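Okay, so here's the structure we're looking at.
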Amino acid sequence: MASDQNETILDGVQVKKAVLALQAYLKSTSTSESLLLNESQHISLLFTLWRIPKKEQTIRIPLPHGIRTDTAEVCLFTRDEPNMTPDQTERFYKKLLTVKGVKRITEVIPFKVLKTEYKPFEAKRRLLGNFDLFLADSRIYRLLPSHIGKHFYTSKKVPLSVNLQSQQLAQGLERLIQGSTLCVSKKGCCCMARVAHSGMTTDEVVENIMAAVSTIASNLPLKGKSIKIIHLKSQSSVALPIYTSDLGHLALLQEADPQTGSAKKTKDKRKAKKKQKQALKSSPPAGEAQASDEEVPQLVPIASPSKKAKLETPGTEGLEKAPKPAGVKGGKKGQSPRKPSSPASSKPGTPRTKAPGGGAPGEGLKQKTPKMGRGTPGKIKSAKLAKSAKKAPKTPTQKRIKKVPQSC
């Protein structure tokens, strides 16, 4: 069954060409220091999916050829045994591993020691750099994120859960140590899995790639049809494409996803409702249409243009009778009061006339505010100038001049 999946997903000849090209590039870029230290670069597979996954997933990949050497450091976090000190707990689990035949675990750290000794930030960073792989007891796995820190997640060294009570403990730990994992996140459509290293032969790398792709394709939805492109790359090389999906797989994903079909139906319904509302707003109701047809237009008389208001001068027309004070009798019926002369026309020598009723001049009359019209501002200004000229004091030279009598 696995061979059928491999034939449909990957082409072995194309994969071998990509591996040979990648190994040739790594040999050309290797330095003398890396050869002396026997350092090897990781070879990884980069998966690009058609869509962003809706849930996170961790796929464990068993590989035919181990990607870690015998000198790789592996750390195991265990739970605290009741009625035991941390040292006794550590000795208990080391004895259990030797009995089960596990030899790849280099250090055992109880949970209490992790909380106390590795609480500072520097201690966590030192722990992260000392080991290549971290394993954790499944009974305390949910408690680890708050104690190990975010650097375990950013460096992709998250501990893998292990069931220490299983009967086949040695085989399960060996598969985890020699195998790899793929973390499918819902934050993007790309994910990467380590499948080999530069110190392996070409056939070993090809076999690991074929096994990894078949395992990942079987765990993804639609048996690998959700994969768009697969690239092969190292830590410092360019990504080489080894698989490209068909566009027909995208149509299959859309048909298989029930939410996409329902979402389209809801969108179509919303659009139809909007169109109906717009049609109802644009066309008036039937009752209003009949009423508008039955209505007869009424004739409206044309308004005659209003005449311009006549200009009123501040004279006798701008004066009207003031209310009579109590106890004062007025004149005869129909008798009009005398018109007082305007201050501008009166001469300095003429005496002022008394107002009817025996009051002061101008007491019985109330002056209107002049209406604005043509010519009124100029007359008001001339009256003001005449008043100011009367009030202005005479100069000494004018006082000395005597009036000469005219001869008969």
Derived scalar couplings ³J(HN,Hα) [the stretch 41-50; Karplus, 6.51 cos²θ - 1.76 cosθ + 1.60; whole Hz; x for Gly, Pro]: 8, 6, 10, 10, 10, 10, 9, 10, 9, 5
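In this model, which of Lys54/Lys228; Lys94/Lys156; Lys55/Lys157; Lys156/Lys233; Lys16/Lys54 are farther than 22 Å apart at the alpha-carbon? If you can, show how the numbers build up before the last one.
Details: Lys54/Lys228 17 Å; Lys94/Lys156 26 Å; Lys55/Lys157 20 Å; Lys156/Lys233 17 Å; Lys16/Lys54 34 Å.
Beyond 22 Å: Lys94/Lys156; Lys16/Lys54.
Please list, by residue number, every one of the trypsin sites (Lys or Arg not before Pro) in the stretch 53-116 that is coil in DSSP and has at most 15 other beta-carbon atoms within 10 Å.
Values: sites: Lys54, Lys55, Arg60, Arg68, Arg79, Arg91, Lys94, Lys95, Lys100, Lys103, Arg104, Lys112, Lys115; in loops: Lys54, Lys55, Arg68, Arg79, Lys103, Arg104.
For trypsin sites (Lys or Arg not before Pro) across the stretch 53-116 that sit outside H, G, I, E and B with at most 15 neighbouring Cβ atoms in 10 Å, the list reads Lys54, Lys55, Lys103.
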Exposure rank, largest accessible area first [Thr89, Thr395, Thr116, Thr71; 1.4 Å]: Thr71, Thr116, Thr395, Thr89
For Ile61, residues with placed amide H under 5 Å, excluding near neighbours: Ser180, Thr181, Leu182
Heavy atoms of Cys189 accessible to a 1.4 Å probe, total area in Å² rounded to 10: 50 Å²
Rounded to whole Hz, the Karplus (6.51, -1.76, 1.60) HN-Hα couplings of the stretch 23-30, x for glycine and proline: 5, 5, 5, 5, 5, 6, 9, 6
Rg to Rh, two decimals, where the stretch 175-237 supplies the alpha carbon set and Rh follows Kirkwood: 0.96
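Before I look further, what does the stretch 107-185 give for accessible area per residue, probe 1.4 Å, in whole square angstrom?
Numbers: 4370 Å² over 79 residues.
For the stretch 107-185, the per-residue accessible area is 55 Å².
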With DNA, RNA and ligands ignored, accessible area of Lys223 (1.4 Å probe; Å², nearest 10): 130 Å²
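I need the calculated FRET efficiency for the pair Lys187 and Thr85, taking r as the beta carbon distance and R₀ as 51 Å, to the nearest 0.05. Show your work: numbers first, answer last.
Working: r = 42 Å, r/R0 = 0.83.
Once rounded, the FRET efficiency stands at 0.75.
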Glu81 accessible area, 1.4 Å probe, all protein chains in place, Å² to nearest 10: 30 Å²
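Net charge around Lys228, counting only other residues with Cβ within less than 14 Å of its Cβ (Lys, Arg = +1; Asp, Glu = -1)? Intermediate results must be reported in sequence, preceding the final value.
Details: positive: Arg51, Lys225; negative: Asp246.
The answer is +1.
Probe radius 1.4 Å, ligands and nucleic acids left out: which of Leu22, Leu240 has the largest accessible area, and how do the rest follow?
Values: Leu22 5, Leu240 50 Å².
From most exposed to least exposed: Leu240, Leu22.
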Amide proton proximity set for Ile43, modelled H, under 5 Å, gap of 5+: Val195, Ala196, His197, Ser198
Tyr243, Tyr141, reordered so the largest accessible area comes first (probe 1.4 Å): Tyr141, Tyr243
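The values are calculated or read from the model by the stated rules, or taken from the named source; none is laboratory data. What you see is a predicted model; the values in this text were computed from it and never measured. Counting neighbours? That spans all protein chains shown, and the Cβs are built from the backbone with ideal geometry, glycine included. Remember, those area values only see protein heavy atoms, side chains included, never the ligands or the DNA or RNA. Shrake-Rupley method; radii C 1.70, N 1.55, O 1.52, S 1.80 Å.
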